[in-house]
Amino acid sequence: MGLRFRPVDTAFYDLFGEQAQHLVTGAGLLAEMLGETSDKADVAARMRAAEHDADETTHALVRRVNSTFVTPFDREDIYALASSLDDVMDAMDKVVDLILLFEVKAMPAALSQQVEVLQRCAELTAEWMPQLMSPRSLAEYWIEINRLENAGDRFYRRTLAHLFSGELKTMEVLKLQVVVEALEDAVDAFEKVANTVEQIAVKGS
């Protein structure tokens, strides 16, 4: 009896790759938002547009799952990965919005280091997502994302230490603490994406 293979629908992989590219855009806008001379209202408006585009890609993925009889891997895993990628974009949009609303001017140096971690996570996700067709080959991806998340945790703790050093005014501390915690959530969201990819790989092995 011959082996039976699932037909390959590359549209799913293309849409996941598109989602990952939205994250690169979002991380770049977040880095731009931290610039001292940036037009924060303009950056925030572009971030909202980018987040809307990312939502459209997520909706397209969900529609495709709902209209496809045979999916390349389990439906719940497709939903989970699409949702976790969308969560990253939402988290980055939240950080940008908070900086605008709180009118944050001066950023602690470690905050920029956290954003660099975030950008690297986005670049790696966009680089590796096209290989989702062979998820077991992505082990290097989820290991590196975990390493970056640990680095992000260290920068997060350093930023908190600076905030509570007594050098800043109380109101500035409160504003920055909310921004820093939202940024930490964004980095953590990338680890959730990597964990989801690892779970897909384990199921397919």
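The numbers here are math on the coordinates, done by the rules we state, and not lab data. Source: prediction; values computed, not measured. As a convention, Cβ positions derive from the backbone with ideal geometry for all residues, glycine included, and neighbour counts pool all protein chains shown.
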Item to check | Sites matching trypsin sites (Lys or Arg not before Pro) across region 1-100 that sit in DSSP coil, with at most 13 neighbouring C-beta atoms within 10 Å | outcome: 4
Item to check | Charge dipole (debye, nearest 20) of region 10-204; +1 at Cβ of Lys and Arg, -1 at Cβ of Asp and Glu | outcome: 240
Checklist outcome for this item: With Cα springs under 10 Å, the Gaussian network model of the chain assigns the largest mean-square fluctuation among 69, 102, 12 to 69
Checklist entry - Per the helix-only calculation at 222 nm, which mean residue ellipticity applies to the chain, given -39500 (n - 2.57) for every DSSP H run of n ≥ 4 and division by its residues, nearest 500 deg cm²/dmol? => result -27500 deg cm²/dmol
Checklist entry - Picking from 172, 123, 76, which is most flexible by a Gaussian network model of the chain using Cα springs under 10 Å? => result 76
Item to check | residue 37 versus residue 157: modelled label distance in nm, points set 7 Å from Cα along the beta carbon direction | outcome: 3.7
Next on the checklist: Under a Cβ-only charge scheme (Lys and Arg +1, Asp and Glu -1), can you give me the dipole magnitude of region 1-103 about the Cα centre, in debye to the nearest 20?
Outcome noted: 560
Checklist outcome for this item: With Cα coordinates, the longest principal axis of the chain makes an angle with the long axis of helix 109-128, in degrees rounded to 10, of 10
Next on the checklist: How large is the convex hull of the C-alpha atoms of region 147-205 per residue, in Å³?
Outcome noted: 55
Checklist entry - So how tilted is helix 139-163 from the main axis of the chain? Cα-based, degrees 0 to 90, rounded to 10. => result 20
Checklist entry - So what is the relative contact order for region 88-204, in percent, with contacts set as C-alpha pairs under 8 Å and at least six apart? => result 46
Checklist outcome for this item: For the chain, longest principal axis from Cα atoms; helix 75-101 axis from its Cα atoms; angle between them, nearest 10 degrees, is 20
Next on the checklist: Loop only by DSSP, 15 or fewer other Cβ within 10 Å of the Cβ. Give me the chymotrypsin sites (Phe, Trp or Tyr not before Pro) in region 120-196 that pass, ordered by residue number.
Outcome noted: 164
Checklist entry - Roughly how big is region 31-79's charge dipole about its Cα centre, with Cβ charges of +1 (Lys, Arg) and -1 (Asp, Glu), in debye to the nearest 20? => result 240
